[in-house]
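Notes follow the structure.
The values are calculated or read from the model by the stated rules, or taken from the named source; none is laboratory data. None of the values given here were measured: they were computed from a predicted structure. Backbone-built Cβ (ideal geometry, glycine too); neighbour counts: all protein chains shown.
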Amino acid sequence: MDRARLSELLVGDHEAYSMAVAALEAGAAFDIWHGGMSPKHLLAILERRERTVRRSRQPTIALPEAISALREYSGAEVFLGFIDDRIRGGYYFQVVLDETSSRVICCAGVKPSDPAARAHGQRSDLDE
């Protein structure tokens, strides 16, 4: 999927979507992986990530909403991708597409933890 098409799919009244589009427009790295995965498997990953970032107090955007949207999704498969705006001090967005890659189911961002916090033993979910 190219940058323009991903930007077109990130429509709606969601702050995470508009931030992800801005990151794409600024040249952020991105990719949508070709292999699909089970929505239940991805849901378990996102739920674990939410617990991890809450404990580490990392800033997030739209993570609870993404989990809710994935719970409601009834398709058999999803495609996962990312938009990495960390180089500009932004978020690492995860983008989830439906089984036909024609609709964004959800988009959520996690901001890297403070380097000082990492020095004191806090891990970032992005380290995994």
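Worth pointing out:
- For region 100-107, the count of residues that are modelled with pLDDT of 95 or more, of a type in the set (D, E, K, R) and under 21 Å from residue 4 (Cβ atoms) is at least one.
- Output for region 11-32, where each listed residue is at pLDDT below 95 and in contact with a Phe, Trp or Tyr (Cβ under 9 Å, 6 or more places away or on another chain): 11
- Verdict on residue 66 being closer than 23 Å to residue 112 by Cα and either at pLDDT 95 or above or surrounded by fewer than 12 Cβ atoms within 10 Å (Cβ to Cβ) (or both): yes
- Residues that are of a type in the set (S, T, N, Q) and within 14 Å of the chain's Cα centre (by Cα) number at least 2 in none of the strands (runs of 3 or more DSSP E) confined to region 1-118.
- Scope region 21-59; condition among the hydrophobic types (A, V, I, L, M, F, W, C) and touching a Gly at 6+ places or on another chain (Cβ under 7 Å); matching residues: 23, 30, 32, 33
- Filter pass, residue 85 being farther than 16 Å from residue 1 by Cβ, buried (at least 16 other Cβ atoms within 10 Å of the Cβ), of a type in the set (Asp, Glu) and modelled with pLDDT of 95 or more: yes
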